[in-house]
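Have a look at the structure below, then the notes.
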Amino acid sequence: MRIGVVARFDVEEAVEMAEKIVEFLMENEVETLIDSQLATHLKQHEGIASDLEDMDVDMVVAVGGDGTILRTQGIINRKKLPLVGIN
């Protein structure tokens, strides 16, 4: 399974939570991609960055508020991917 992670990158708590999620997934050998905007704040994970529109994943985890979740859904909607939102 491949999981994409996005976050509201202007809120430090969201970035920190996203980092914990990414590390958990990678420690458990889940193939993980992060949104390229998030990667600018998680330099150690730049190698797994991808634009959300181009992510080839099975599901997406969005960390942030309603706006982050709705923005993410709007982008991935055509792909019919499951979205888990963490507010």
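Laid out as a table, the results:
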quantity: Anchor LYS43: aspartates and glutamates whose Cα lies under 14 Å away (excluding residues fewer than 8 positions away in-chain); calculated: GLU16, GLU19, GLU23, ASP35
quantity: Debye-sum result for region 2-86 in log10 I(q)/I(0), which assumes one identical scatterer on each alpha carbon, at q = 0.25, 0.26 Å⁻¹; calculated: -1.33, -1.44
quantity: Aspartates and glutamates whose Cα lies under 15 Å from that of LYS79, excluding same-chain neighbours fewer than 8 positions away; calculated: ASP51, GLU53, ASP54, ASP56, ASP58
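Each value in this text was obtained by applying a stated rule to the coordinates, not by laboratory testing. What you see is a predicted model, and the numbers here were worked out from it, not measured in a lab.
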